[in-house]
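Just below is one structure, and these are the notes that go with it.
The values are calculated or read from the model by the stated rules, or taken from the named source; none is laboratory data. The structure displayed is predicted, hence computed values, not measured ones. When we count neighbours, we look across all protein chains shown, and the Cβ atoms used for this are built from the backbone with ideal geometry, even at glycine.
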Amino acid sequence: MTAPRKKRREAFLLGNEAVVEGALAAGCTFYAGYPITPSTEIMECMAKRLPHVPDGAFIQMEDEIASMGAVIGASLAGRKAMTATSGPGFSLMQEQIGYAAMTETPLVLVNVMRGGASTGLPTSPGQGDVQQARWGAHGDHPIIVLSAADVPECVEMTVTAFNFAEKYRSPVILLLDEITAHTREKIELPEPGDFEVFSRLTPTMPPEWYKPYEETMRGVPPMPPIGSGYRFHVTGLTHDPLGFPTSRPEEVRALTERQFRKIDRFFEDIQIVEHVETADAEVVVIAYGCVARSARLAVKQAREAGVRAGLLVLKTLYPFPRRHVEPLLRNCRLAVVPELNMGQLSREVKRVNEGYTTVRTINRIDGQIITPSQILKEIA
Amino acid sequence: MGRNRVVVYPDWCKGCGICAAFCPKKVFAVGQDGKARVVNEEACVNCGFCEPHCPDFAVLVIPGETDQTPCPPETAPDPAEQPAAKEVKP
Amino acid sequence: MAEITQLIHQYLRHNKKFPLVFCPGCGHGIVLGSLVRSVHALGLPKDDVVIVAGIGCSGRIAAYVDFNTVHTTHGRALTVATGIKMANPKLTVIAVMGDGDAFSIGGNHLIHAARRNIGVTALVLNNFIYGMTGGQCSSTTPEGAYSHTCPQGQLESAFDIVELTRAAGAAGVSRGTVYHVKELDALLAEAISRPGFNLVEALTPCFTQYGRGNGFKSAVEMFKWLKASCLPVERYEKLEDRTGKLPIGTFVRRDVAGLETRWANMRQALAAKKGGAA
Ligand SMILES: Cc1ncc(C[n+]2csc(CCOP(=O)(O)OP(=O)(O)O)c2C)c(N)n1
Ligand code: SF4
Ligand code: SF4
Ligand code: SF4
Ligand SMILES: [Mg+2]
């Protein structure tokens, strides 16, 4: 007789609450933030949970700039740290995102996208921050941008965000939308061991040998927590392998190239997509976030109607998963990119589409979701 | 008791004149080359002003009773490589 | 006295280029010396000290000292310092900022750090000007003073750093000058040792960007001005005519636990409650 399988704990959670489950499962012990709709539940949930987590620390800062600063500080001190925000708060965070990228400080930033520019539509969904997530901070810098389409994915992709942040010493942005964040679904709560959890490599060499920004095989130098005996300099100025400011052209180039390479070399690991019946698809929908859910149904209905439709769900938005998109574009007669914006990720699809197929966009910016029938109309 | 020794590291001195202006015994003068120089060492009373007030850590006063030798900075910069106070302003 | 300079040399990073990047007679170097001496006097191991600097000439100090050093963005040093202190309360965290850094662009962070009394020492190098960007007015430029962005004279009034920080609730507030350097050493050591948020305003001449445009003939003249106009607060308060005088010393000494300690106590209380219930 086999032992009865332990019943898993289940809960009926919001996407935002699932993010917290994912973060804690990934080993997050630090949260700093500033409330803003529709991301606030993440912060409130963290305020409740972190005091009970070993070494947990939580702080409500005076604004989003300060929140990012505190998260960066905590990460430098060795913590897995995160913040969450929406719309205007995301704009305020941009300078510090650039600083985290330049100093290669791991952190997770969840941006729950709401509608419109400026204060816009605080309680409605949008996907208008996609290009900002990639290029919002000034200057060339690598960044990883992920997304999630439903509540279980909120758990999974938050864990992934932490893992990528730690593995690649990079800020990672998880883009959700108001629908995904505020949908309540029953999920199995993560148990220890459910996910592979990665923590940053710390140096093992004697402190006097350590170079915080050294060229290594992986391109990702090990990172000790501040106060562990490795005294080094961290600066947002362009720096040499020791971390000190430099403007020598060869050192400047080497730094930036390594920072890009450390991400580029691991596309296979980083670029996560889900294929739904794309193998023989003549019409391909490329979607992410809540729109991917509508697209899933639309593709199913199109199949039932006899159209060979397929769906590519992008869970990694940047670095843009060209290696997955391009083969589909080569083999389909129509690609449809539905988004809750005026056309942001479709720019990337069009960039990759070098005349292979027709790319059609569905853009909705009225604070309403894109429905399955709206997509079905374009593909069937 | 031997007399106090006063040393200026010319490589680090920027000739601001603080030592010369405030030394109660007029031990320093700033020369034509824009560097402070010790002109009146025997007058030094080891009052303790010049060392903490030199913005560039370029003065050393060795009190008479000890036989310490000055400790030069381990890496004296190459003056050709580093024009003082000229860096890109962010 | 040779040990003073020798001591500084022990704390400098020898792989950095010297002399310091600062202009001749810039007071920032003297503050750097003061910082090193006070940390040394307190017997703090280098590994346990974190210098978090902002952007400005003042922020350049961080790169030279052999502590854990973080050169952040303009105005945000205190936010990063707050994260570090909350994450590892055992560290001694000192935020080094300019007047523009701390009170113009970073003013909001400063009053909130003071209000929440995070256990960080704020060392503000007040030279009344934006030194690094070439002499524009800051929120501490005195009314009537000249700068490149108020060439007709400053119309706005200046922040009194001490009063502002006192009102915001800081555990400790003091002011010193680079002329009164022994006192500055002591003020800094006191500030670093006191729990909660402690601010030290260090008046430091910038002849290049402030003095020249405001009637000073040399950096030395600015030091003479500090010598003549600054006096201990105890004596200042007895003065009948205070025009042109500035008090230095410690203005606020409050007994408060740092936020990081209050957080730890709260966690402990929660854990005890849970343990008791079980
Ligand atoms: C966000 C941002 N705005 C503006 C600047 C340009 N900037 C660099 S330093 C500085 C002012 C520095 O003045 P202060 O903080 O008083 O330091 P000081 O140079 O006088 O020591 C400014 C405006 C910047 N680096 N970042
Ligand atoms: S105070 Fe220092 S830098 Fe200035 S002149 Fe004297 S030795 Fe030179
Ligand atoms: S110790 Fe005093 S007397 Fe001697 S040189 Fe320095 S300032 Fe002058
Ligand atoms: S500009 Fe002013 S603050 Fe900056 S280094 Fe020169 S004297 Fe110092
Ligand atoms: Mg200034």
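Some notes on this structure:
- Residue in segment C:139-159 that is among the aromatic types (F, W, Y), surrounded by 22 or more Cβ atoms within 10 Å (Cβ to Cβ) and in a loop (DSSP other than H, G, I, E, B) present: no
- Any hit, segment C:44-63, residues being surrounded by fewer than 24 Cβ atoms within 10 Å (Cβ to Cβ), without any contact (Cβ under 8 Å) to a residue 12 or more places away in the chain and more than 7 Å from every other protein chain (Cβ to nearest Cβ): yes
- Any hit, segment B:77-87, residues being more than 12 Å from the chain's Cα centre (by Cα), buried (at least 18 other Cβ atoms within 10 Å of the Cβ) and at pLDDT 70 or above: no
- Subset of segment C:105-161 [among the polar types (S, T, N, Q), near ligand 5 (Cβ under 9 Å from one of its atoms) and under 15 Å from the mean Cα position of the chain (by Cα)]: C:N126, C:N127, C:T140
- Selection from segment A:31-43 of residues that are among the aromatic types (F, W, Y) and either at pLDDT below 95 or under 18 Å from the mean Cα position of the chain (by Cα) (or both): A:Y31
- Only one of the numbered conditions (1) closer than 20 Å to C:L184 by Cβ; (2) in contact with a Gly (Cβ under 7 Å, 6 or more places away or on another chain); (3) not in a loop (DSSP other than H, G, I, E, B) is not met by C:D47, and that is (1).
- Inter-residue pairs, beta-carbon under 8 Å, first in contact (Cβ under 8 Å) with a residue 60 or more places away in the chain and within 21 Å of A:G289 (Cβ to Cβ) and in segment A:309-333, second part of a loop (DSSP other than H, G, I, E, B) and among the aromatic types (F, W, Y), 6+ apart: A:V313/A:Y288; A:L314/A:Y288; A:K315/A:Y288; A:L317/A:Y288
- In segment C:127-137, the residues that are in contact with a strand residue (DSSP E or B) (Cβ under 6 Å, 6 or more places away or on another chain), near ligand 1 (Cβ under 9 Å from one of its atoms) and farther than 12 Å from C:C57 by Cβ: C:Q136
- Among the residues making up segment C:162-188, those that are surrounded by 24 or more Cβ atoms within 10 Å (Cβ to Cβ) and either under 22 Å from C:P89 (Cβ atoms) or more than 16 Å from ligand 4 (Cβ to nearest atom) (or both) are C:T165, C:A170, C:G172, C:V173, C:S174, C:R175, C:G176, C:L184, C:L187, C:L188.
- Per-region count, segment C:101-126, residues within 13 Å of ligand 1 (Cβ to nearest atom) and of a type in the set (S, T, N, Q): 2
- Screening A:P38, A:P54 for residues that are surrounded by 20 or more Cβ atoms within 10 Å (Cβ to Cβ), part of a loop (DSSP other than H, G, I, E, B) and out of contact with any Gly (no Cβ under 6 Å at 6 or more places or on another chain) leaves exactly one candidate, A:P38.
- Residue match in segment C:40-48 (condition: within 16 Å of ligand 3 (Cβ to nearest atom) and not hydrophobic (A, V, I, L, M, F, W, C)): no
- Restricting attention to segment A:216-271, the residues that are crowded, with 17+ Cβ neighbours inside 10 Å, of a type in the set (K, R) and more than 10 Å from chain C (Cβ to nearest Cβ) add up to 2.
- Residue within segment C:75-83 that is charged (D, E, K, R) and under 15 Å from the mean Cα position of the chain (by Cα) present: yes
- Residues of segment C:64-89 that turn out to be facing another protein chain (nearest Cβ under 7 Å) and more than 15 Å from C:I105 (Cβ to Cβ), as a count: 13
A quick yes/no check of all residues on (1) over 25 Å from C:G56 (Cβ atoms); (2) part of a loop (DSSP other than H, G, I, E, B); (3) not aliphatic (A, V, I, L, M):
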{"position": "A:L237", "(1), (2), (3)": "no, yes, no"}
{"position": "A:R261", "(1), (2), (3)": "yes, no, yes"}
{"position": "A:E268", "(1), (2), (3)": "yes, no, yes"}
{"position": "A:V284", "(1), (2), (3)": "yes, no, no"}
{"position": "A:A295", "(1), (2), (3)": "yes, no, no"}
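- In segment C:189-209, residue nearest to ligand 5 (Cβ to nearest atom) [restricted to those that are of a type in the set (S, T, Y) and surrounded by fewer than 24 Cβ atoms within 10 Å (Cβ to Cβ)]: C:T208
- Unmet criterion (only one of (1) at positive phi; (2) free of Cβ contacts under 8 Å to residues at least 12 places away in the same chain) for C:G249: (2)
- Evaluation of C:V96 against (1) aliphatic (A, V, I, L, M); (2) within 16 Å of ligand 4 (Cβ to nearest atom); (3) over 23 Å from C:L7 (Cα atoms) (one fails), failing number: (3)
- On inspection, A:M113 fails the criterion of being in contact with a helix residue (DSSP H, G or I) (Cβ under 8 Å, 6 or more places away or on another chain) and within 14 Å of chain C (Cβ to nearest Cβ).
- Residue, surrounded by the fewest Cβ atoms within 10 Å (Cβ to Cβ), within segment A:64-78, restricted to residues that are facing chain C (nearest Cβ under 7 Å) and free of Cβ contacts under 8 Å to residues at least 60 places away in the same chain: A:I65
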